1. R0 = 25 Å: FRET efficiency of residue B:269 with residue B:74, Cβ-based, nearest 0.05?
2. Please calculate the 1.4 Å probe accessible area of residue A:57, with all protein chains present, and give it to the nearest 10 Å².
3. May I ask you to list the chymotrypsin sites (Phe, Trp or Tyr not before Pro) in the stretch B:36-69 that are in a DSSP loop and have at most 13 other Cβ atoms within 10 Å of their Cβ?
4. Using R₀ = 30 Å, calculate the FRET efficiency as 1/(1 + (r/R₀)^6) where r is the Cβ-Cβ separation of residue B:251 and residue A:352; round to 0.05.
5. Between chains B and A, what is the buried accessible area in Å², counting both sides, with a 1.4 Å probe and ligands, DNA and RNA left out, to the nearest 100?
6. Suppose R0 equals 45 Å. What FRET efficiency, 1/(1 + (r/R0)^6) with r the Cβ-Cβ distance, do residue B:228 and residue B:180 give to the nearest 0.05?
7. In nm, to one decimal, how far is the modelled label at residue A:182 from the one at residue A:226, with both set 7 Å along Cα→Cβ?
8. Please compute the modelled spin-label separation between residue A:215 and residue A:249, points set 7 Å along Cα→Cβ, answer in nm with one decimal.
Amino acid sequence: MAAPVNSVVNSSAKCSSFNATSFQKKTRSRLISIPGTRPSVQNGQLLVSTGVTSLDYLLGGGLAVGTVLLIEEDRYDSYSRMILKYFLAEGVVCRHELFVASAQHTPDDILQELPSPILDDVAIHKPVEQPRLSHEPQDSLDAMKIAWRYQNLPKVQTALASSSRFGHYYDVSKMMEAEIREAAKCHRFYLPEHPTQSSPTHSPMLESYSALLKSLRDVIQREGFEVTAPMSKSRNILRIGLHSLGSTLWGDDLCCHDNPRHGHALTTFLYGLRALLRSSLSVAVVTVPSHLIQNRALMGRITRLCDNAIALESFKGSEREANPLYKDYHGLLHVRQVPHLNCLASQLPDHKDLAFKLKRKQFSIERLHLPPDLSETVSRVSRGELAGTAMVGSACGSGTSGNKHLDF
Amino acid sequence: MFTELNSILNTSPDSFTQGDFILVSGRQSDASFLIHHFLSFYLRARCKVCFLGLVQSFSHYSAVCQRLGVSLAQAKEKRQLVFLEGLQEGLSVFIPQDDTTGNKALSFLSRDPMVGLQNLYEFVRSSVSSPGGGEEGSDGSEQWGPPVLLVDDLSVLLSLGVSARAVLDFSHYCRASLCSQLQGNVVMLLHCEEEEEEDDGDDEGSERLLKGLIHQCCLALHVQGLPTGYCRDIHGQVEVCWRRRQGDGQHTQNKVFQYKVHDKGASFFARGTSSAVL
């Protein structure tokens, strides 16, 4: 299985060779090989990368095809938007098709801001045969000239990551080049361009949502993403990015009232979305401004109708920003829901205290270790940390704090 | 089917009490592993099973039951199992295709959701009493035992805009016809959101539904997260509540177990006796 997959894959997207063991599950042989996907180790699900390596690890290797990832936005929607862009950028690099829907910015705005991939060892497809290579930024070519032998060695990672490489890294400070971006086929849904006619039916769904669902269904049927579609032509993955669902711009009043009138609109839409995805080769990321939603029971229901759910809590604008505990991080990440698909036991993360930070080249999620006590002097802080390491050492193995004491 | 749970509940596929209304509730923790248990249990007990799978697709249930040693596709073929795939049916209601004259069971979605769940009840009613579940085994079709209704899960109905009252009516009708008339069993799963403190304003809420269902049921399994927080080796606790009328009066009994879900089953143990801490 591994060999044919690689031969298909290596032209477009580099999917690191699977950890080759002689044991292979029977189910793998049935899977369709699509660039940028890999089968799950646990249950043979087809996975795609979210574009954020540590998030892939957290979700059990990647996002299973046919599922929804819900991201509860941070207060200024900066980091959640970033993850959405990572997800779309990964789709561009893997040559998946995209579907972007938004009510606030035009989908083109979102697409123009996609981060640029760092393609050190990845043979990227370029639509034109390398015309810009001469004045390309050198860091991708000249990097690591001295230590070239170590180029392909895995880095020592404090962040959450699996051993095998899956997905790509991105440079947030640069935008993706237009020609790479335009090579990807993208379907756009911009709500103001879809005049909603008020239908006489008493559907619990809002017109905006049902228009979106209809448009999604049309794309899936027209482009042949259904699982039942004929196998004759090569299959591809549809990546769906839905931005800020539930906000007032979608015509929803979830954020305005305690007991909203359209309280079932979003949940009904998510139910329809799940039904669509389960029968097609597509995967969706949905962001929701959950901090605006007053009704916690409603938010719980929304979470329950998505397969994966994470919440971002940025320190921006809160007093935590100045707290020395969090000085290394940009915010906290909460895992609200992990998927249980085709298996009885869901794959639980081993750790739930997580924090994230956005570096120039990487959005990384790390285990957050709080030292047991904060004291006045620096030396006592470090001693406290040491005690903390000894205490939790068995649980976290070679966690982040382990490395700090090497210089003693 | 989890043998440990069978011994806790003192039942087995060969001998189980009929006429039970079993409620499975989940709070801060996923209780769907119990619905898989009951599905495989009743299929092994050779009951005629009607399964309303509203949460996941058929392939999911089929894959899980495969691990538990039961084939849903075969059961469907032998007409032992009637499976309503809520996702597919729902989609055809949301986006009406040209010529889909499908199931009417989920027609409550298309019209005013206040209509109620009569059609869904009619579907249940007709599927448990359809031929194949009947007495005659003349045309080679096998003969199945008492009818069983399984619902996964009721909170989806609430999310789709059905009122708690309508769901309570539905469950009452199901209990009356299946448990009392046909001497079968009903298992319903309900997930509650994390609103332990009473919110009086929320009339539609799952809390109200939960109270109503607890009032109806004779066996309740409440799955909760650990009160002390997340743990990798203990996934939560199950409170088992029996409510039986035995001769002189109500007989109630509660027991609490902690559980861990494995790949092919689940283990239950008394509190604090997990192998991880001993």
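The values are calculated or read from the model by the stated rules, or taken from the named source; none is laboratory data. This one's a predicted model, so the numbers in the text were calculated from it and none came from an experiment. Neighbour counts are summed over all protein chains in view; Cβ atoms, including those assigned to glycine, are modelled from backbone coordinates with ideal geometry. Please note that ligands, DNA and RNA were not included when accessible areas were found on the heavy atoms of the full protein model with its side chains. Shrake-Rupley method; radii C 1.70, N 1.55, O 1.52, S 1.80 Å.
1. Efficiency, rounded to the nearest 0.05: 0.15.
2. Result for residue A:57: roughly 80 Å² accessible.
3. none
4. The calculated FRET efficiency here is 0.15.
5. For chain B against chain A, roughly 3600 Å² becomes buried.
6. 0.60
7. It is 3.4 nm.
8. Taking the simple label geometry, residue A:249 and residue A:215 are separated by 1.3 nm.
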